[in-house]
1. So in the range 1-22, with the set limited to residues that are touching a residue at least 60 places away in the same chain (Cβ under 8 Å) and under 21 Å from GLU96 (Cβ atoms), which one is surrounded by the most Cβ atoms within 10 Å (Cβ to Cβ)?
2. Go through the range 117-138 and give me each residue that's assigned to a helix (DSSP H, G or I) and open to solvent by less than 60 Å² (accessible area, probe 1.4 Å).
3. I need the full set of residues from the range 101-138 which are of a type in the set (A, V, I, L, M), within 16 Å of ALA60 (Cβ to Cβ) and in contact with a Phe, Trp or Tyr (Cβ under 9 Å, 6 or more places away or on another chain), in order please.
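The values are calculated or read from the model by the stated rules, or taken from the named source; none is laboratory data. The shown structure was predicted, so the numbers you read here are calculated from the model rather than taken from an experiment. Cβ placement follows ideal geometry from the backbone for every residue including glycine, while neighbour counts extend to all protein chains displayed. We work out accessible area using only protein heavy atoms, side chains counted, and drop any ligands, DNA or RNA first. Shrake-Rupley method; radii C 1.70, N 1.55, O 1.52, S 1.80 Å.
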Amino acid sequence: LQSLGIGFVPYSPLGKGFLTGKITRDTVSDPTDIRSGLPRFAPDALAANQAMVDILVRVAGNLGATPAQVALAWLLAQSPWIVPIPGTRKLGRLQENLGADALDLPQADIDAISAAAAGIRIVGGRYTAEAARHLERH
């Protein structure tokens, strides 16, 4: 993408809210929550994937930031042509997300998050089997 001068906008850069550190088993057990039917939000997947959130929470605590801000700042630090656009319905979340741009994420934290991400096998698909059938159709 870089050599072609094409930007990249990561889809769902906060993992449908998972990387904010606010998702619990109780959150997604509500049948009205769309995430309740997604494999990545099944109880075993939530538990297995928690390691990624844990490092974001740790780094955020050290910087006086939120896990969402750290996740977005990490994406912004990867390359100037990567521009995450997190979706939100609340003004407070928009303001929180905008704070990621001002967050000075130390290289040591960028490296720690990258290493953690590389060492974690994410459990659970992003979509239901039915929804996945409609992806990448030729």
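1. Among residues in the range 1-22 that are touching a residue at least 60 places away in the same chain (Cβ under 8 Å) and under 21 Å from GLU96 (Cβ atoms), the one surrounded by the most Cβ atoms within 10 Å (Cβ to Cβ) is LEU14.
2. Our first condition is that a residue be assigned to a helix (DSSP H, G or I); within the range 117-138, this holds for 117-119, 129-132.
The answer is ALA117, ALA131, ALA132.
3. Applying the first criterion (of a type in the set (A, V, I, L, M)) to the range 101-138 yields 102-103, 105, 108, 110, 112-113, 115-118, 120, 122-123, 129, 131-132, 135.
Now restrict to residues that are within 16 Å of ALA60 (Cβ to Cβ): 102-103, 105, 108, 110, 112-113, 116-117.
Within the range 101-138, LEU105, ILE110, ILE113, ALA117 meet the criteria.
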